[in-house]
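S.K.: Questions regarding the structure given below will be posed in turn.
The values are calculated or read from the model by the stated rules, or taken from the named source; none is laboratory data. Remember, predicted model here, so these are calculated numbers, not experimental data. Every residue, glycine as well, gets a Cβ built from its backbone with ideal geometry; the counts of neighbours run over all protein chains shown. To get the accessible areas, we keep the full protein, side chains included, count just its heavy atoms, and leave off ligands, DNA and RNA. Shrake-Rupley method; radii C 1.70, N 1.55, O 1.52, S 1.80 Å.
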Amino acid sequence: MNLKKVTAFSTVVVMVGLALLAVAADAQAQGEQYLELIRQDLKATKTAYMTEGMQLTTEQGDVFWPLYREYQGELAKIGDRRIANIKDYAAHFEAMTGEKAAEILKKSFKNRKDELGLLEKYSKKVSKALDPVTAARFVQVENTLNLLIDLQLAGEIPLFEHPAE
């Protein structure tokens, strides 16, 4: 992926981050609908970059894409938990307690572990269905895209603060 394309992808990710913060601050149905539209756009954009990064033959694509769609479906469930955790963080940001901070961290670490476990599971599936080099490339492209998402979200979400005394 070149820098211009990474920048375009980052723009979509920023929109997701802003939508998350807006929904967290005002969880009305309209905000949720907006968030869902942004998530769909991110999914389509991510698939486009995955297509470019994987450089699969037609035959390889026939094997890879059903696995990738399955992976994305499972990843979306973890993403839903991640969004819920961000909303919980936003809801308690002004009056953060030690217990709530620990709970949010615990959920965050579980989501990370689950994401990594899922990626490992699907890298094995891709390796078995195609070959280890294609699986490694899948992990490499997916990690790059996920790191961009994480970086943009991290820049949008304020750091934990001790409550005012």
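S.K.: Looking only at segment 127-147, count every residue that is closer than 19 Å to LYS43 by Cβ, surrounded by 18 or more Cβ atoms within 10 Å (Cβ to Cβ) and of a type outside the set (Asp, Glu) and tell me the total.
M.R.: Number satisfying all stated conditions: 3.
S.K.: Could I ask something else about it? Cβ contacts < 6 Å: first residue under 10 Å from PRO163 (Cα atoms), restricted to segment 91-107; second residue of a type outside the set (D, E, K, R), any location; separation 6+ or different chain. Result?
M.R.: Close Cβ pairs (under 6 Å, with a partner that is of a type outside the set (D, E, K, R)) amount to ALA95/PRO163; MET96/PRO163.
S.K.: Related question: Of everything in segment 50-68 that's farther than 13 Å from ARG137 by Cα and charged (D, E, K, R), which residue is least open to solvent (accessible area, probe 1.4 Å)?
M.R.: ASP62
S.K.: Let me ask something else about it. What are the residues in segment 115-165 that are over 19 Å from the mean Cα position of the chain (by Cα) and acidic (Asp, Glu), if any?
M.R.: Once the filter is applied, which keeps residues that are over 19 Å from the mean Cα position of the chain (by Cα) and acidic (Asp, Glu), segment 115-165 yields ASP131, GLU161, GLU165.
S.K.: Next question. Looking at this structure, is GLU115 open to solvent by less than 60 Å² (accessible area, probe 1.4 Å) and of a type in the set (Asp, Glu)?
M.R.: The answer is yes for GLU115.
S.K.: Under 9 Å by Cβ, and 6 or more places apart or on different chains, what pairs join a residue from segment 144-165 that is of a type in the set (Ser, Thr, Tyr) with one that is surrounded by 11 or more Cβ atoms within 10 Å (Cβ to Cβ) and not in a helix (DSSP H, G or I)?
M.R.: Between residues of segment 144-165 that are of a type in the set (Ser, Thr, Tyr) and residues that are surrounded by 11 or more Cβ atoms within 10 Å (Cβ to Cβ) and not in a helix (DSSP H, G or I), the close pairs are THR144/MET1.
S.K.: Can I ask one more? Condition (residue is more than 20 Å from ILE149 (Cα to Cα), open to solvent by 50 Å² or more (accessible area, probe 1.4 Å) and touching a Pro at 6+ places or on another chain (Cβ under 7 Å)) applied to segment 95-107: is it met by at least one residue? Quick ask: steps written out before the conclusion?
M.R.: Just the residues of segment 95-107 that are more than 20 Å from ILE149 (Cα to Cα), to begin with: 95-103, 106.
Subset that is open to solvent by 50 Å² or more (accessible area, probe 1.4 Å): 95, 97-99, 102-103, 106.
Filter once more, keeping what is touching a Pro at 6+ places or on another chain (Cβ under 7 Å): 95.
Checked segment 95-107: at least one residue is more than 20 Å from ILE149 (Cα to Cα), open to solvent by 50 Å² or more (accessible area, probe 1.4 Å) and touching a Pro at 6+ places or on another chain (Cβ under 7 Å).
S.K.: Let me ask you something else. Contact list please: Cβ distance under 9 Å, first residue in segment 25-49 and more than 16 Å from ILE149 (Cα to Cα) and open to solvent by less than 70 Å² (accessible area, probe 1.4 Å), second residue modelled with pLDDT under 75 and among the small types (Gly, Ala, Ser), pairs at least six apart or on different chains.
M.R.: Filtered contacts from segment 25-49: GLY31/ALA19; GLY31/ALA22; GLY31/ALA24; GLY31/ALA25.
S.K.: Among the residues of segment 96-144, what is the count of those that are of a type in the set (A, V, I, L, M, F, W, C), assigned to a helix (DSSP H, G or I) and under 17 Å from TRP65 (Cα atoms)?
M.R.: Matching residues across segment 96-144 total 10.
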